[in-house]
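Since the structure comes first, as structure tokens, the remarks are kept for the end.
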Amino acid sequence: MPSVYEFNRAILRRPGSSVVKGLRAGGGPDPVLEDVLAEHAGYERALADAGLTLTVLDPLEEFPDAIFVEDPALVFPEGAILLKPGAPSREAEGQYLRSTLNALFDQVLDLPAGHADGGDVLVLPDKVLIGLSARTDREGADALAALLARLGYKAEVAATPAEVLHLKTASSLVDEETVLSTRALAATGIFDGYRVIEVPAEEEGGANVLRVNDRVIAGAGHRRVLDLLDGHGLKVVALPNSAIAAIDAGFTCMSLRWRAG
Ligand code: CIR
């Protein structure tokens, strides 16, 4: 069985100039457009270097957060799911992915009720965790669990600490048995049965990393997280992400990745 992080395809959307107006929970100034563009281009290159064939979509100026394609949708080899993001300004983003998903997947399912963001969905080898957050409500999480069952995945709904935007803001799968997690999220017990690498308190922003094939993409500014991953024997690709982090982004949310047969 291939691992859940073995991918050969991905969908990304390039940023338009409106990206600097992206939502951010903590306030703060707009990032510099050129920096966001450079970081996004570096991310695109890193996925291509990891061996993925990319479908790169045009910017959507009317949706500043549209580069975060993994919030309005989820993809699996068995099919895609169009979600309904919990932020009102992002609710319609999925409609701009529909034709691409229809062309690339045998089936595209729609979330029938509630709200759910892909950032709250962590695919583990034995189950899919759906985190409840300010973006993902119980109705959406339950509806998503039912859609995942149709695709053959077992899902579990879990609470997440109040201060995190998404479940994957605070956690990532790094190998078959190991997750990287903030202390607060690990303390909820949702990763029981997994080995947990705890992110140091001063680098909680570094908990979102992206395992793709043989490597892990992580933030260049999170030196201690990089050392922990390296010490765990992982091949680490460090990418600058401070401009994109200013609009609350991590590495998982900027692409939809799957293994096409
Ligand atoms: C938002 O607040 O929706 C965007 N500015 C950032 C979304 C990042 N997505 C993610 O962590 N899954």
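A short reminder: the numbers here are calculations on the coordinates, not readings from a lab. All values reported here derive from a predicted model rather than from experimental measurement. Every residue, glycine as well, gets a Cβ built from its backbone with ideal geometry; the counts of neighbours run over all protein chains shown.
Report relative contact order for the stretch 124-261 in percent, whole number only (criteria: Cα-Cα under 8 Å, sequence separation at least 6). Kindly include the intermediate steps, with their values, before the conclusion.
Working: 207 pairs, mean separation 22.6, N = 138.
Reported relative contact order: 16 percent.
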- [ ] Considering only T160, T182, T53, give the residue with the highest GNM mean-square fluctuation for the chain, with springs between Cα atoms whenever their separation is below 10 Å.
- [x] T53
Task: Residue-wise HN-Hα coupling along the stretch 207-219, computed from phi with Karplus coefficients 6.51, -1.76, 1.60 (Hz; x: Gly, Pro) - done: 6, 8, 10, 10, 7, 9, 6, 8, 9, 10, 8, 9, x
Open item on the list: Checking the a/c ratio against 1.5 first, then a/b against b/c, what shape does the Cα gyration tensor give for the stretch 1-142?
Closed with: oblate
Task: Amide H contacts under 5 Å for A155, placed H, 5+ residues apart - done: V128
Open item on the list: Please check: in the Gaussian network model of the chain (C-alpha springs, under 10 Å), which one of L104, L132, L82 has the largest mean-square fluctuation.
Closed with: L104
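May I ask you to derive the relative contact order of the chain, considering only C-alpha pairs under 8 Å and at least 6 residues apart, and to give it as an integer percent?
Details: 547 pairs, mean separation 60.9, N = 261.
Averaging sequence separation for qualifying contacts and normalising by length gives 23 percent for the chain.
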TODO: Search the structure for amide H atoms under 5 Å from the amide H of V212, placed 1.01 Å from N in the peptide plane, and list their residues when 5 or more places away or on another chain.
DONE: I217
TODO: Could you work out how far the C-alpha centroid of the stretch 229-257 sits from that of the stretch 122-194, in angstrom?
DONE: 18
TODO: Run the quick spin-label model on E34 and E78: label points 7 Å from Cα toward the beta carbon, then report their separation in nm to one decimal.
DONE: 4.8
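Fewest to most neighbouring Cβ within 10 Å: what's the order for E163, E156? Don't skip to the end; give the middle numbers.
On the way: E163 11, E156 15.
Going from least to most buried by this count: E163, E156.
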Open item on the list: How would S3, S99, S18, S181 line up from fewest to most surrounding beta-carbon atoms within 10 angstrom?
Closed with: S99, S3, S18, S181
- [ ] Apply the Karplus parameterisation 6.51 cos²θ - 1.76 cosθ + 1.60, with θ equal to phi minus 60°, to every residue of the stretch 6-16 and state each ³J(HN,Hα) to the nearest whole Hz, in sequence, with x for glycine and proline.
- [x] 8, 10, 10, 9, 8, 10, 10, 10, 6, x, x
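From the square roots a ≥ b ≥ c of the eigenvalues of the alpha-carbon gyration tensor of the stretch 30-107, which class results: rounded (a/c under 1.5), prolate (a/b over b/c), or oblate?
On the way: a/c = 2.26, a/b = 1.15, b/c = 1.97.
Oblate, since a/c reaches 1.5 and b/c is not below a/b.
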Task: Neighbour-count order for Y96, Y5, fewest beta carbons within 10 angstrom listed first - done: Y96, Y5
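At a Förster radius of 22 Å, what calculated FRET efficiency corresponds to the Cβ-Cβ distance of A162 and R138, to the nearest 0.05?
On the way: r = 15 Å, r/R0 = 0.69.
Efficiency for this residue pair is about 0.90.
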TODO: Report, ordered by chain and residue number, the lysines lying within cross-link reach of K84, taken as a straight Cα distance under 28 Å and ignoring same-chain residues fewer than 8 apart.
DONE: K21, K127, K154, K168
TODO: Would you please put 170-180, 193-203 in order of how densely packed they are, using the mean number of other Cβ atoms within 10 angstrom per residue and starting with the highest?
DONE: 170-180, 193-203
Open item on the list: Apply the a/c threshold of 1.5 to the C-alpha gyration tensor of the stretch 9-258 and tell me whether it is rounded, prolate or oblate.
Closed with: rounded
- [ ] Work through the residues other than R223 whose Cβ is under 11 Å from its Cβ and net out their charges, Lys, Arg +1 and Asp, Glu -1.
- [x] -3
Task: Amide H contacts of L124 (H built 1.01 Å from N, under 5 Å, at least 5 apart or other chain) - done: L129
- [ ] With springs only between Cα atoms under 10 Å apart, run a GNM on the chain and tell me which of D71, D120, D110 wobbles the most.
- [x] D110
